[in-house]
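Below: the structure, in structure tokens.
Just so it is clear, none of the values below were taken in a lab; they were calculated from the coordinates. Every value quoted in this text rests on a predicted model; they were computed, and no experiment measured them. Note: ideal-geometry Cβ built from the backbone for every residue, glycine included; neighbour counts use all protein chains shown.
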Amino acid sequence: MALFARTPIAPLEYSRTLWMRLWVGVVMVFLYAPLIVLMIFSFNDSKRNVVWRGFTTKYYEKALGNDELIEALLNSLTIAGLATVVSLALGSVAAVMLWRFRFPLKGAIDGTISLPIIVPEICLGVAFLMFFSMVSWPTDLVWPFNLAAITIAHITFCFPFVTMVVRSRLATFNREQEEAAKDLGASEWQVFRDVLIPHIKPALVAGALLSFTLSLDDFVITYFTSGPDTITFPVKVYSMVRFSVTPEVNAASTLLIILTVALTFVALKAQGVKAIAETH
Amino acid sequence: MAEQDWKTNKRSFAAVSIPTLFWVIVFFLVPMAMVWLYSFGENRGLTEIAISGTLENYKRATDWLYLTIFGKSFAVAALVTFICLIVGFPVAMAITFASEKWRPWLLLGIMLPFWTNLLIRTYALMMLLGTQGYANKSLGTLWEGASWLKTLVGLQPLPTWEPVQLLFNNFAVVFGLVYVHLPFMVLPLYAALDRLDRSLIEASLDLGAGHFRTIMRIVVPLAAPGIVAGVMITLIPALGAYLTPDLMGGTDSQMIANVIERQFKKANDWPFGAALSFLLIYAMFILIALQSMRRKVPEIH
């Protein structure tokens, strides 16, 4: 604490001044208190979410026994996984295209690729609703093909983020490495696989994390794209929150929060906080 | 080595450009074009929509009712962005000037909520802000404390505490949007502040300017690109926010996204919804154009 600082505070050590610490502390409480309360109340032995009535795990059993909820969660994870894989491939390919080549209409194509980031979610949702109803996309396919429409929508808004991240990483690539590889007899594909991919790996990890969480997070676009029978976790939680606020929602949310935190730590283990932070 | 002309290596160019262009055209431009075309259409019967080139939908969007909703959405988004900037700037400063040991953890602290599900965060906030929630309880305790203090100094105690309505009104929408968007603001601010030349700040302090003056005259102008980026990154999603006003707002806190949703899910007026969607997109374009215009103005100083 600044009050007990042994060394005097240097002028630029803003984060050691008391006011700054209080401010950051209050902001952190603001960001985390609701989530922590939510997690604590998932163990509350009461139907209503307001008064603490003792510890129980029965809402976890209830949430895990809720077939619809589990199905929704599985759907969401499947969509996120598929969307991440395709977004990584598509996003890196687009980044390589924009980084490596000069071609007509480059500025326009560059702008169009990043448009899905800017276009409001609701407009993208509306566009997919119209698109899939116009092409009369079948809605009664078997799992996992019934998730195709949502997955396609998710890829469209995820891959530009991958492109952005990969492109900024490619900017630091030393092209002499590529030339050296080619001089030593590597083909285009070998250069891509053995030289370029290892260089952009941190960006790929960051991009994968970004795509996965964006896809898992998305409510609005999914809400418009999903057919009557396909349900994802956010859509399910939305209808649960709409109709009644129960500890079951807390339990399910807690599980998802833990999943998110675990994923984050896996990514951090792989790349370190700084590398991930820099990609934002 | 500069960028390669696509003609010199057509096969590699095809390998990277065909998938990209295919996806962007089929799954982005075509759907967007459909919305655009529909916005010039009209309903004929229950499911049939004729694209007749009418401007009726856009005319209807200039009705007083929709103009006020647009105005209100802008006002809410601007207020949210402003609050995020005021709250987030010191946080970004603290992260920038934190010790090597602390900085990654502070960053992580800001980023974790950013990665947590938006719906879950909204729900968590709703729990807290309800009339029986902890926010009201804390306020009640404070109120009783104040009342107790007043009796202590011999004044009349305050009237008994009535829970205030913190949810389902405009306050809740602004509060919820700030909660959700704060990380969006802090991260670009941090990125800009981190690149700052610290000797300039030291020089300003050495030459006798106070901390506040140094921040206002040196740090803020130098970090302006980051501030603009943060403002845009917060303003754009806040303007198109759907979930927060839907779940936390009252009947009068509708934002533009909620009106669009209603045209598709309830009113079944797709052409009008399409017109509103495109008006929202045009608004975004104007904001972005303003930002890039600002960037092109040469620095005089």
Item to complete: Collect residues whose amide H, placed 1.01 Å from N in the peptide plane, falls under 5 Å from the amide H of residue B:49; neighbours closer than 5 in sequence don't count.
Response: B:44
Discussion item. Quick check on chain A: helices-only [θ] at 222 nm, where DSSP H runs of length 4 and up contribute -39,500 (n - 2.57) each and the sum goes over total residues. Nearest 500, please.
Written reply: -23000 deg cm²/dmol
Worksheet entry | Positive dipole terminus of chain B, leading residue within B:124, B:248, B:180 (C-beta point charges) | B:180
Worksheet item: Separation between the residue A:18 and residue B:205 pseudo-spin-labels, each 7 Å from Cα along Cα→Cβ, expressed in nm?
Response: 1.8 nm
Worksheet entry | Kirkwood Rh (inverse of mean 1/r, distinct Cα pairs), the stretch A:39-136, angstrom | 18.3 Å
Practice prompt. Ignore the peptide's own chain and count Cβ atoms of other chains within 10 Å of each Cβ in B:277-285; give me the average, rounded.
Written response: 4
Item to complete: Using only alpha carbons, build the gyration tensor for the stretch B:146-301 and give me the equivalent ellipsoid semi-axes, biggest first, whole Å.
Response: 37, 34, 10
Worksheet item: Order of B:181, A:154 from fewest to most other C-beta atoms within 10 Å?
Response: B:181, A:154
Discussion item. Please enumerate, by chain and number, the aspartates and glutamates with C-alpha under 19 Å from the C-alpha of residue A:182, excluding those fewer than 8 residues away in the same chain.
Written reply: A:194, B:3, B:5
Worksheet, complete the sentence: Within the set B:155, B:119, B:139, GNM on chain B using Cα springs under 10 Å gives the largest fluctuation to B:155
Fill in: Full-extension gain in nm, residue A:182 to residue A:136, via 0.36 nm per residue minus C-alpha separation
11.8 nm
Fill in: D (Stokes-Einstein, µm²/s), Kirkwood Cα radius, the stretch A:186-243, 1.002 mPa s at 20 °C
150 µm²/s
Discussion item. Taking θ = phi - 60°, what integer Hz values does the Karplus form 6.51 cos²θ - 1.76 cosθ + 1.60 yield along the stretch B:118-125, in sequence order, with x for Gly and Pro?
Written reply: 4, 5, 5, 5, 5, 4, 4, 5
Item to complete: Give, to the nearest whole percent, the P(r) tail of the stretch B:211-301 beyond 18 angstrom, counting all Cα pairs.
Response: 61 percent
Worksheet entry | Neighbour-limited loop hits for trypsin sites (Lys or Arg not before Pro), the stretch B:256-292 (at most 16 other Cβ within 10 Å; DSSP other than H, G, I, E, B) | B:266
Practice prompt. Measure off 7 Å from each Cα along the Cα-to-Cβ vector at residue B:82 and residue B:162, then give the distance between these two points in nanometres to one decimal.
Written response: 2.9 nm
Practice prompt. Could you run the Karplus curve 6.51 cos²θ - 1.76 cosθ + 1.60 with θ = phi - 60° over the stretch A:196-206 and give me ³J(HN,Hα) per residue in whole Hz, x for Gly and Pro?
Written response: 6, 4, x, 5, 8, 3, x, 5, 5, 4, 5
Response to the item:
Long-range amide H partners of residue B:4, meaning residues 5 or more apart or on another chain whose placed amide H is closer than 5 Å, are A:101, A:102
Worksheet entry | Residue of A:167, A:21, A:102 that the Gaussian network model of chain A assigns the largest fluctuation, springs spanning Cα pairs under 10 Å | A:21
Worksheet item: Taking the stretch B:95-144, which trypsin sites (Lys or Arg not before Pro) meet the DSSP loop condition and have no more than 15 other C-beta atoms within 10 Å?
Response: B:101
Worksheet item: Given Cα pairs under 8 Å that are at least 6 residues apart, what percent is the relative contact order of chain B?
Response: 26 percent
Practice prompt. Note the direction-averaged projected area, equal to a quarter of the hull surface, for the Cα convex hull of the stretch B:25-172, in nm².
Written response: 17.7 nm²
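How large is the helix-only mean residue ellipticity at 222 nm for chain B, computed as the sum of -39500 (n - 2.57) over DSSP H runs with n ≥ 4, divided by its residue count, in deg cm²/dmol to the nearest 500?
-22000 deg cm²/dmol
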Practice prompt. Please build a GNM for chain B, connecting alpha carbons under 10 Å apart, and tell me which residue among B:230, B:133, B:154 fluctuates the most.
Written response: B:154
Item to complete: Specify, per residue and in Å³, the volume enclosed by the convex hull of the alpha carbon atoms belonging to chain B.
Response: 262 Å³
Worksheet, complete the sentence: Once both label points are put 7 Å beyond Cα along the C-beta direction, the residue B:194-residue A:266 separation in nm becomes 2.4 nm
Item to complete: Calculate the mean, over all residues of peptide A:130-138, of how many other protein chain Cβ atoms lie within 10 angstrom of the residue's Cβ.
Response: 4
Worksheet entry | Residue order, fewest to most surrounding Cβ atoms within 10 angstrom, among B:60, B:294 | B:294, B:60
Discussion item. Counting other beta carbons within 10 Å of each residue's own, what order do B:259, A:135, A:220 fall into, fewest first?
Written reply: A:135, B:259, A:220
Worksheet item: So if R0 is 56 Å, what FRET efficiency would residue B:44 and residue A:51 give, r being the distance between their Cβ atoms, rounded to the nearest 0.05?
Response: 0.50
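Averaged over peptide B:236-243, how many Cβ atoms belonging to another chain are found within 10 Å of each residue's Cβ? List each step's numbers first, then the result.
Details: counts 4, 3, 0, 1, 8, 4, 7, 8.
That average works out to 4.
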Item to complete: Report, largest value first, the span of the C-alpha coordinates of the protein assembly as shown along each principal axis, in whole Å.
Response: 89, 70, 51
Worksheet item: Could you give me the ³J(HN,Hα) list for the stretch B:33-44, computed from phi with Karplus coefficients 6.51, -1.76, 1.60 and θ = phi - 60°, whole Hz, x at Gly and Pro?
Response: 4, 4, 4, 4, 5, 4, 5, 9, x, 9, 6, 10
